[in-house]
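Worksheet: one structure, shown below.
The values are calculated or read from the model by the stated rules, or taken from the named source; none is laboratory data. Source: prediction; values computed, not measured. Ideal geometry is used to build each Cβ from the backbone, glycine not excepted, and the neighbour counts take in all protein chains shown. Side chains are part of the model used for accessible areas, which takes the heavy atoms of the whole protein and leaves out ligands, DNA and RNA. Shrake-Rupley method; radii C 1.70, N 1.55, O 1.52, S 1.80 Å.
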Amino acid sequence: MRFFDNHRRGGGSMRAVTFSLALLALLQPISASVAPSPTSTAATTKKYLTESTMFQRLRKMEYAVRGKVVIAADRINDELKSQNSHAYPFDHIIYTNIGNPHSVGQKPLTWPRQVLALVDMPDECGVDHPDVSKMFPSDAIERAREIKQGLGGVGSGAYSHSQGARCFREEIAKFIEERDGGVPCDVECLFMSNGASSAINFILTALIADETCGVMLPIPQYPIYSATIDLLGGHKVGYYLDETKGWDLNMEELERSLRDAKKRGIKVNSFVLINPGNPTGQVLSKKAVQDIVKFCAKHKLVLLADEVYQENVYDDNAKFVSCKKAASDTGLLKVSAKSTLHVFNG
């Protein structure tokens, strides 16, 4: 294991080695070649990091998409490659436990990789190379130049602003404004993250202040939420989606779930909405989204709007409506430069 201080480059390698050695000392007993004193033998041969001494919430948390089913699949997959391949009525396993399309044969998109390659390369080897137009399409070259200019000409290897490079945040803000029909989006209120899971971890860490805090979650839901809440010591307050109505929301169910949690002494402070649904795939109606933002405003709940799959709408009769748009339409979000609704887009 290696550790680097992202804020200080100097001496990074030395710190990496030091941390590795320190962790090794924790995980392994002290070498038998060191002669221990008679009174310290037991102490010096004991491992410091074990299942019983580690952080118990981490040991007990469950992340279903990489849990028991996947472990069993790995075992069977190994058997299929061995002499026991005839023990099953199939000859291979297709892993669909996570969104990993390349692993099941989807070809990667060429254009983004071309742009990334040009951004990463020095100008003389990429965008300014005399033969660059023979190797890359003109739109990829143009986009790479825009990104390089937006990054200040220092390249893609430099540390960016803690909220993300401003040039990207400006484009994200423009996308959100166009998506929501002109509702303003302040670039200073946007934070980029290393994937949705990282962002979820950040926001839940801020919300779960102690063991009395609770977060409302849809059932079924993507397990990163339940796993992170378990790790942080909070309470999962589930609300059931109505399968008989295409996994729609029921406001009576939301009120019931919140009421029951309060009776148990749980301080519910936030609400997770996944729209379009994961894993259910439903797209909520405009009215349903408006009901949710009004519910959160009524009970003073921070709304975590997981809208990762907003482009994945396959029902011709369905239309995605963002929580921000719904809040604006219901008068909960004033049309100004600053957003006052606590919305977190995945």
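What number comes out for the charge environment of Lys263, summing +1 per Lys or Arg and -1 per Asp or Glu over other residues with Cβ under 15 Å away?
Result for the local shell: +3.
What lysines could a cross-link reach from Lys81, if we take a straight Cα to Cα line under 29 Å and drop same-chain neighbours fewer than 8 places away?
Lys68, Lys107
Rounded to the nearest 0.05, what FRET efficiency do Val70 and Glu171 have when you use their Cβ-Cβ distance and R0 = 35 Å?
That gives a FRET efficiency of 0.45.
Could you compute Rg(Cα) / (2.2 N^0.38 Å) for region 96-144, with N its residue count?
Normalised by 2.2 N^0.38 Å, the Cα Rg of region 96-144 equals 1.45.
Hey, which aspartates and glutamates would be in cross-link range of Lys324, C-alpha to C-alpha under 15 Å, not counting anything within fewer than 8 residues on its own chain?
The qualifying aspartates and glutamates are Glu177, Glu178, Asp180, Asp186, Asp291, Asp306, Glu307.
Points 7 angstrom from Cα along the Cβ direction at Tyr240 and Lys262: gap in nanometres?
For Tyr240 paired with Lys262, the spin-label model returns 2.2 nm.
Using a Förster distance of 45 angstrom, determine the FRET efficiency expected from the C-beta separation of Thr50 and Ser138, and round it to 0.05.
0.15
Need the list of lysines near Lys325 for cross-linking: C-alpha distance under 19 angstrom, and skip anything on the same chain fewer than eight residues off.
Lys325 reaches Lys174, Lys286, Lys287, Lys294, Lys298, Lys300, Lys334, Lys338.
If eta is 0.692 mPa s and T is 37 °C, what Stokes-Einstein diffusion coefficient results for region 157-215, Kirkwood Rh from Cα pairs, in µm²/s?
245 µm²/s
Show me, bin by bin at 10 Å from 0, the whole-percent P(r) of region 214-294 based on Cα pairs.
P(r) over region 214-294, rounded to whole percents: 18, 52, 28, 2.
How many percent of all Cα-Cα pairs in region 93-206 sit more than 23 Å apart?
Result for the distance tail: 50 percent.
What is the distance, in nm, between label points placed 7 Å from the Cα along the Cα-to-Cβ direction at Glu124 and at Ile219?
Each label point lies 7 Å from its Cα, and together they span 6.4 nm.
Report the local net charge at Pro137: Lys and Arg +1, Asp and Glu -1, summed over other residues whose C-beta lies under 15 Å from its C-beta.
Around Pro137, the charge tally is 0.
Using 0.36 nm times the number of residues separating Leu116 and His102, minus their current alpha carbon distance, what extension gain do you get?
3.2 nm
Expressed as a whole percentage, what fraction of the accessible surface of region 97-178 belongs to carbon and sulfur atoms when a 1.4 Å probe is rolled over the protein heavy atoms?
55 percent
Averaging the inverse of every distinct alpha carbon separation and then flipping it gives the Kirkwood radius. What is it for region 274-323, in angstrom units?
Taking the inverse mean of 1/r over all distinct Cα pairs, region 274-323 comes out at 11.3 Å.
If region 68-122 were replaced by its equivalent ellipsoid, with semi-axes equal to the square roots of 5 times the Cα gyration tensor eigenvalues, what would those be, largest first, whole Å?
Taking √(5λ) for each eigenvalue gives 36, 11, 10 Å, largest first.
So how compact is region 124-191: Cα radius of gyration and Dmax in angstrom?
Answer for region 124-191, Rg first and Dmax second: 15.1, 44 Å.
Find how many whole Å separate the alpha carbon centroid of region 170-218 from the alpha carbon centroid of region 286-336.
13 Å
What's the FRET efficiency of Asp248 with Leu109 using the Cβ-Cβ distance as r and R₀ = 41 Å, to the nearest 0.05?
0.75
Under the classification rounded if a/c is under 1.5, otherwise prolate if a/b is larger than b/c and oblate if not, where does region 145-259 fall, given a ≥ b ≥ c as square roots of the Cα gyration tensor eigenvalues?
Prolate, since a/c reaches 1.5 and a/b exceeds b/c.
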